[in-house]
Structure formats: structure tokens, C-alpha cells
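A.B. asks: Below are the C-alpha cells for one structure; questions will follow.
The values are calculated or read from the model by the stated rules, or taken from the named source; none is laboratory data. This one's a predicted model, so the numbers in the text were calculated from it and none came from an experiment. Here Cβ is always computed from backbone atoms with ideal geometry, including for glycine, and neighbour counts include all displayed protein chains.
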Amino acid sequence: MTGRFHRYEILLPLKFNDGTEVPDELIGQTLDELRQRYDAVSSETQIIRGQWQHQGQTYFDDLIRVWVDVPADIDAFPFFTEFKETLKQRFQQLDIWIVTHSIRVV
């Protein structure tokens with residue numbers, strides 16, 4: 001498959017904000033939902049360490065990166081905007097980082 005796509009990258013936490021570990025089932029559920037909707041999903045197993053501040057409190061995150069490549073002619077932005085809210089609730093987070101950028105597959 002070649003052409004222009006939009007890549008949506010999501011950083012999923014491995015721990016809830018209270019420090020307890022996220023069950024593997026929640027990560028699996030998220031990957032399954034993305035695969036079912038867009039036919040493919042990818043993820044990395046390495047841990048991404050993040051630090052960020054909110055209202056004077058510093059948070060330390062262990063995250064994994066998940067991404068989906070969507071053909072450029074499909075407007076997936078509304079889905080991911082709504083999905084972000086679902087993920088914030090599912091993973092009990094103040095925010096979930098989702099970015100998108102254009103890619104060209106050779």
C-alpha cells in the first residue's frame with residue numbers, strides 16, 4: 001500500500017495517576033478498537049518516560065506509543081478527538097497525548 005496517510009500517535013500510560021498499574025486488558029482493548037476501525041494498529045514495547053506539570057504538581061509517566069496510519073482521504077480527526085475523551089476516562093488520566101502528522105508511504 002502506497003500513498004499519503006495521516007499518522008495518529010497516542011501515548012498510553014502504563015500506570016494510573018495514583019501509581020497503580022494499568023491492566024494489560026485496557027491496552028489490549030484500545031489496540032483492538034483501533035485495529036477494528038482502521039484495519040491495522042502498531043505499538044512499541046519500550047517504555048517512554050514522561051514528565052509534565054499540572055497546577056503546580058509534577059507527574060511522572062511510563063508510557064507506550066501506539067500509532068495508526070489512516071489514508072489521507074479519510075477524515076479521522078473527529079474520531080480521535082472523541083476517542084481521546086474515552087481514553088482519558090479508561091486510563092483515569094487528566095490528559096492523553098495524541099498527535100497527528102502527514103506521512104507518505106513508498
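A.B. asks: List, please: which pairs have Cβ atoms under 9 Å, are six or more places apart or on different chains, and start with a residue in the range 1-27 that is without any contact (Cβ under 8 Å) to a residue 40 or more places away in the chain and end with one that is surrounded by 10 or more Cβ atoms within 10 Å (Cβ to Cβ) and not in a loop (DSSP other than H, G, I, E, B)?
C.D. replies: Correct list of pairs: Glu21/Lys15; Ile27/Leu12; Ile27/Ser43; Ile27/Ile64; Ile27/Val66.
A.B. asks: Inside the range 1-42, can you point out the residues that are of a type in the set (Ser, Thr, Tyr) and either buried (at least 16 other Cβ atoms within 10 Å of the Cβ) or in contact with a His (Cβ under 7 Å, 6 or more places away or on another chain) (or both)? Don't jump to the end; show me each part of the working.
C.D. replies: We begin by selecting, within the range 1-42, every residue of a type in the set (Ser, Thr, Tyr); these are 2, 8, 20, 30, 38, 42.
Passing the criteria: Tyr8, Thr30, Tyr38.
A.B. asks: Do the conditions hold for Leu63, that is, is it hydrophobic (A, V, I, L, M, F, W, C), under 14 Å from the mean Cα position of the chain (by Cα), surrounded by 14 or more Cβ atoms within 10 Å (Cβ to Cβ) and closer than 15 Å to Leu94 by Cβ?
C.D. replies: On the way: hydrophobic (A, V, I, L, M, F, W, C): yes; under 14 Å from the mean Cα position of the chain (by Cα): yes; surrounded by 14 or more Cβ atoms within 10 Å (Cβ to Cβ): yes; closer than 15 Å to Leu94 by Cβ: yes.
For Leu63, the condition - hydrophobic (A, V, I, L, M, F, W, C), under 14 Å from the mean Cα position of the chain (by Cα), surrounded by 14 or more Cβ atoms within 10 Å (Cβ to Cβ) and closer than 15 Å to Leu94 by Cβ - is met.
A.B. asks: Sort out for me the strands (runs of 3 or more DSSP E) sitting completely within the range 3-106 that have 1 or more residues that are in contact with a Gly (Cβ under 8 Å, 6 or more places away or on another chain). Working first, answer last.
C.D. replies: Values: elements: 3-13, 48-54, 57-71, 97-105.
Because the criterion is at least 1 residues that are in contact with a Gly (Cβ under 8 Å, 6 or more places away or on another chain), the strands (runs of 3 or more DSSP E) in the range 3-106 that meet it are 3-13, 57-71, 97-105.
A.B. asks: Which one is farthest from Gly3 (Cα to Cα), of the residues in the range 66-85 that are surrounded by 11 or more Cβ atoms within 10 Å (Cβ to Cβ) and more than 11 Å from the chain's Cα centre (by Cα)? Let's see the steps before the verdict.
C.D. replies: So the first thing to find is which residues in the range 66-85 are surrounded by 11 or more Cβ atoms within 10 Å (Cβ to Cβ), and the list is 66-72, 74, 76-77, 79-80, 83-84.
Still in the list and also more than 11 Å from the chain's Cα centre (by Cα): 69-72, 74, 76-77, 79.
Working: Asp69: 11, Val70: 10, Pro71: 8, Ala72: 8, Ile74: 13, Ala76: 16, Phe77: 19, Phe79: 21 Å.
Taking the candidates together, the pick is Phe79.
A.B. asks: Could you identify the single residue in Trp52, Trp97 that is surrounded by 11 or more Cβ atoms within 10 Å (Cβ to Cβ), at pLDDT below 95 and not hydroxyl-bearing (Ser, Thr, Tyr)? Don't jump to the end; show me each part of the working.
C.D. replies: Numbers: Trp97 fails: at pLDDT below 95.
Trp52 is the lone residue from the list that is surrounded by 11 or more Cβ atoms within 10 Å (Cβ to Cβ), at pLDDT below 95 and not hydroxyl-bearing (Ser, Thr, Tyr).
A.B. asks: Hey, could you check the range 54-103 for residues that are touching a strand residue (DSSP E or B) at 6+ places or on another chain (Cβ under 9 Å) and basic (Lys, Arg) and say which is nearest to Glu21 (Cα to Cα)?
C.D. replies: Arg65
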